[in-house]
Structures are given as C-alpha cells and as structure tokens.
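Chemist: Pasting in a structure now, in structure tokens, and then I'll have a few things to ask.
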Ligand code: ZN
C-alpha cells in the first residue's frame, strides 16, 4: 500500500483532513444514488463520476473498498417534501406501468449510461423498497429513544426535541431558529407538532399505490430513512465516507445525521464529501429553463441546445477538468474545448506508443508520477492531474518531432503515467473517446502496414506505388504527414 497522504475536504468539519480509515486497510463508502423515475441527466453524472474517481483511487492505494450506492424507488415525494405524490408512483400512473416496471426501466437506462461513462458498478446497490423491514425496525429505535412520535398513522421525527440534546443543522450550517422562521406551514402539516419535523413513516392515502404494512399504518418510509438504514446495514454503525451532491446536504443528509444520532446514539459518518453542482450556460438545469438534457441526448446530440454529439468520455473528461467542489458550467463551446483537449492527450499517447527509444536520452524529465499523486492526494485535484498529463504530452510531442531524445526507461515511465492516471484513475477509456481507440487497433495496424509498404516503395524509388498509396489514403480521408522520425497519419 502506498503511504497514506490522502487528504479530503470534510463538509462536516469544513476543513481538509488526512484520510485515516476506521479499520486499517478497509474503507466503507456510501453515496446517495438516483431516484429512478426518469432518464439520467448531467446531474446524475457528476456525483457518479466524482465518487467513481475516489473509489478508483482508494482501491489503487490498496484499500479494500465496500462502495454502497443506493437506488431510491419509494418514498421520494415531489418537491423533496413530506407531501405530494411519490415520484416513481406518479411516473407509473402517467405511463400506465407497474411502479417496479418504472424502476426497472430507468435503472436499466441509468446502468447503461454509467457504463458508457466508465463508472464502475458499486459493491452493493441496495433498493429502498427491498429494505422496508429494516426501516421499520430503525423507526422503532428512534421512537424508543424518544425522538419521534406517531400521528394519525404516520411517524415524524421530532426536530425540536432532538435539537435540545444534539445540534440539528451542523452539516449545512443552519440553525433551528432560522429554519423555523423560513418554513411555511404547508398543507397536511397539521399532523406535525412542528413544520420542521420530517416523516419517518407515512400513512398511505387510498390512491397511493406503493404501501406496506407496519405497526402504525399501511404506508411507506420517508425518503431520508433508507440511507441511514442501509448505510448501517451494509457498512456498520460507523463508516468512513458518505458522499453525494451538495443539493442533498439539506434536508436529506442533515436528516440522515439526526436519524443516526437518534437511533444509534452517535454519528454514523466520519467524512462527509459533497460534489458541487452543474449549470448549463450559466443556468440551473431544469425543465422550466428548457435545458434539461439527458445523458443519452448528449451522446446522440439529439437536443436543440446541442450543436453536436459528445462522446461519454468527453463528458467524463469535462467533469474531471473541474475540481469536484467547484461548479461546472456546460456549454457547447466548453464541451468542444474539452473534446479537443482530450484528443490532444490521446494523440500524445498514440505517438508515445510508436516512439522509438533513443540509445541515450538528452533530457531529464520531471517526476510527473509524483506530481499526479500529490494532486490526487490533495482532495482529489483532478484538474491538476490533467495539467501534469499535458506537461508530459509536451515532452512526448517534442520527442516525436525529433527535438528531444527519450530512452526506453523514460518512454516506459511515460506510458505507465498515462496508463495509471488517465486510464485507470481518471477512467478515460480510449475506445470511446471519439477517433481512434483500443478497438481500432486492427484498423490502425492495417494503415501502418500500408505506410510501411509505401516507405519500402519509396526506398526502392518505386514512386508509382508510393504515390498510389498516399493518394488513395488521402481520398479515403487520411492525412499522412512525413516527419523527421517517420510518418504520422490521422483520419480527418
Ligand atoms: Zn441518501
């Protein structure tokens, strides 16, 4: 295992902390996954890619990681509140489907999109609806601790009572007085002692199609409960990392903390990590802005906002070009710049693969690998890793242009640098990155072979054959360029 220098910004303590796992060699990580009632969009891509990169890095450092990413398929009501229709049930009603049919359909498409983005599957992907019994047991513990009450068949968390013993709002930095002043009395809240209280169990209205028996009523669990319950079930009553988008910090994660402190007597999570949000042309993404673009639409270009299709690797690379705690603004211009930048790195890698080692190097390269580790150790600074890879590309391009001599060891370590950081850790998959790629190897080999025959023809002064090959390749769309060290080609 590599020496442990990893620091992560803990949202709870508001500082970067050295990462020390609770159990040596093991990491437990829980990330709030999607509510599956529609196609995945950019908002889903960012946390998935952020925590995938962290997952990859922790494993690379030698930790055995149990990564739990849940699927919300029940209890997430409209407006993220305690009233309104269940998001999954509403979709089922509108499309005349069984709720679990809705869940399966969008879970399949979520998995397809995640696989396209080269997001590794988590170790466990538990569904809220598969853990109703555990959630009921969890509610009983909160009731026994005195921090919840039953009201007309529903069970609510008593925020005021909890706050008297434990500070409520410490993650999001809110306090109960401000919250109270800013909370409107909504319909249906007459069941609650206080508008800030949140549902642990809701009695199902007659038209509500997803419900289960419980000691209190035929109903369904509150949205925040599944994460406390499944986090404890699969990672233990304290675990290392809990992640998600910043939009989940309040109320979702704040309520999770309150639930675990109430049921377990202590915080469950050591490091809270939140990724920042995405905007599109400076605006929040949403149906009302007409800029709601699904991942499939990005991949196909089939949306009025998009001037072209973007490969999943361009989306991934673009997201990783920003630090996960910074906002990211999507625009066609920015994505096109990312596409160009990624292709530059991949071109450099292809040149590197063809580079003939010099018997003696005439240069000392910086320790790029050390710089990349330092960047990732610094709260997962992926833009800095990309900057180092660009520095390394400069050396590769100079060597390919004959301006620099690199020996076999230097070429080997540059290859190792790209393989480790660009492909394994940033998760860029060459085959999906647009032009060229790993699945193009036989095709590339065939073009290289033709150019080799052309060289032999030239050496033999067989100009007719040499010209024929060059002209025919040009007609097929290949740019062939003679360089000092040989020949380079590119498909236009
Ligand atoms: Zn959650």
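Chemist: Along Cα→Cβ, 7 Å out, is where each label goes; now give me the distance between the ones at residue 387 and residue 85 in nm to one decimal.
Modeler: Result: 4.9 nm between the two label points.
Chemist: Moving on. Compute the Cα gyration tensor for the range 61-115, then decide on rounded, prolate or oblate, letting a ≥ b ≥ c be the square roots of its eigenvalues: rounded whenever a/c is under 1.5, prolate when a/b is larger than b/c in the other cases, and oblate in all that remain.
Modeler: Values: a/c = 3.52, a/b = 1.73, b/c = 2.04.
Oblate is the answer for the range 61-115, as a/c is 1.5 or above yet b/c matches or exceeds a/b.
Chemist: Once label points are set 7 Å from the Cα along Cα→Cβ at both residue 207 and residue 332, what is their separation, rounded to one decimal in nm?
Modeler: 4.2
Chemist: Once you sort the root eigenvalues of the Cα gyration tensor of the range 1-148 as a ≥ b ≥ c, which label holds: rounded (a/c under 1.5), prolate (a/b larger than b/c) or oblate (the other case)? Present the calculation step by step, with values, prior to reporting the outcome.
Modeler: Values: a/c = 2.24, a/b = 1.41, b/c = 1.59.
Oblate shape, in that a/c is at least 1.5 and b/c is the bigger or equal ratio.
Chemist: Given the -39500 (n - 2.57) contribution per DSSP H run of 4+ residues, what per-residue ellipticity at 222 nm results for the chain, rounded to the nearest 500 deg cm²/dmol?
Modeler: Mean residue ellipticity at 222 nm (helix-derived): -13000 deg cm²/dmol.
Chemist: Something else about it: Subtracting the Cα-Cα distance from 0.36 nm times the residue separation, let me have the gained length for residue 363 to residue 468 in nm, one decimal.
Modeler: Numbers: separation 105, 0.36 × 105 = 37.80 nm, distance 3.97 nm.
That works out to 33.8 nm of additional length.
Chemist: Pairing the Cα long axis of helix 382-400 with the longest principal axis of the chain, what angle in degrees results, from 0 to 90 and rounded to the nearest 10?
Modeler: 10
Chemist: With the Cα gyration tensor of the range 342-397 giving a ≥ b ≥ c as the square roots of its eigenvalues, does the rule (a/c under 1.5 for rounded; else a/b larger than b/c for prolate; else oblate) give rounded, prolate or oblate?
Modeler: oblate
Chemist: Cα centroid distance between the range 296-365 and the range 138-216, in Å?
Modeler: About 46 Å separates the Cα centre of the range 296-365 from the one of the range 138-216.
Chemist: So if we plug the beta-carbon distance of residue 281 and residue 475 into 1/(1 + (r/R0)^6) with R0 = 41 Å, what FRET efficiency do we get, rounded to 0.05?
Modeler: Values: r = 40 Å, r/R0 = 0.98.
Using R0 = 41 Å, I get an efficiency of 0.55.
Chemist: Using only Cα atoms and rounding to the nearest 10 degrees, what angle (0 to 90) does helix 441-459 make with the longest principal axis of the chain?
Modeler: Approximately 10 degrees, to the nearest 10.
Chemist: While we're here: To the nearest 0.05, how large is the calculated FRET efficiency for residue 23 and residue 190 if R₀ is 51 Å and r is the Cβ-Cβ distance? Intermediate values should be presented prior to the final figure.
Modeler: Values: r = 46 Å, r/R0 = 0.91.
It comes to 0.65.
Chemist: Quick check: residue separation of residue 354 and residue 266 times 0.36 nm, minus the Cα distance between them. What number comes out in nm?
Modeler: Details: separation 88, 0.36 × 88 = 31.68 nm, distance 5.73 nm.
My answer for the length gained is 26.0 nm.
Chemist: Work out the FRET efficiency for residue 140 and residue 60 from their Cβ-Cβ distance, taking R0 = 41 Å, and round it to the nearest 0.05.
Modeler: Details: r = 41 Å, r/R0 = 1.01.
It comes to 0.50.
Chemist: Which of the peptides 457-467, 212-222 is most tightly packed, and how do the rest follow, judged by the mean count of other Cβ atoms within 10 Å per residue? Don't skip to the end; give the middle numbers.
Modeler: Values: 457-467: 12.5, 212-222: 18.7.
Result, highest mean Cβ count within 10 Å first: 212-222, 457-467.
Chemist: Using a 10 Å cut-off on Cβ atoms, rank the peptides 17-25, 258-266, 413-421, 76-84 from the highest mean neighbour count down.
Modeler: Working: 17-25: 13.4, 258-266: 20.9, 413-421: 18.0, 76-84: 15.4.
Averaged packing, sorted descending, gives the order 258-266, 413-421, 76-84, 17-25.
Chemist: For the range 393-412, list residues with backbone N below 13 Å from a point placed 7 Å from the Cα of residue 483 toward its Cβ?
Modeler: 393-406
Chemist: Another question, then. For a label point 7 angstrom out from the Cα of residue 344 toward its Cβ, which stretches of the range 465-492 have the backbone nitrogen within less than 17 Å?
Modeler: Correct set: none at all.
Chemist: Please work out the C-alpha center-to-center distance from the range 1-68 to the range 387-411 and express it in whole Å.
Modeler: Between the Cα centre of the range 1-68 and that of the range 387-411, the gap is 33 Å.
Computed from the coordinates by the stated procedures, all read-outs in this text should not be read as laboratory data. Remember, it's a predicted structure, so these values are computed and weren't measured experimentally. FYI the Cβ positions are ideal-geometry reconstructions off the backbone, even for glycines, and counts take in every protein chain you see.
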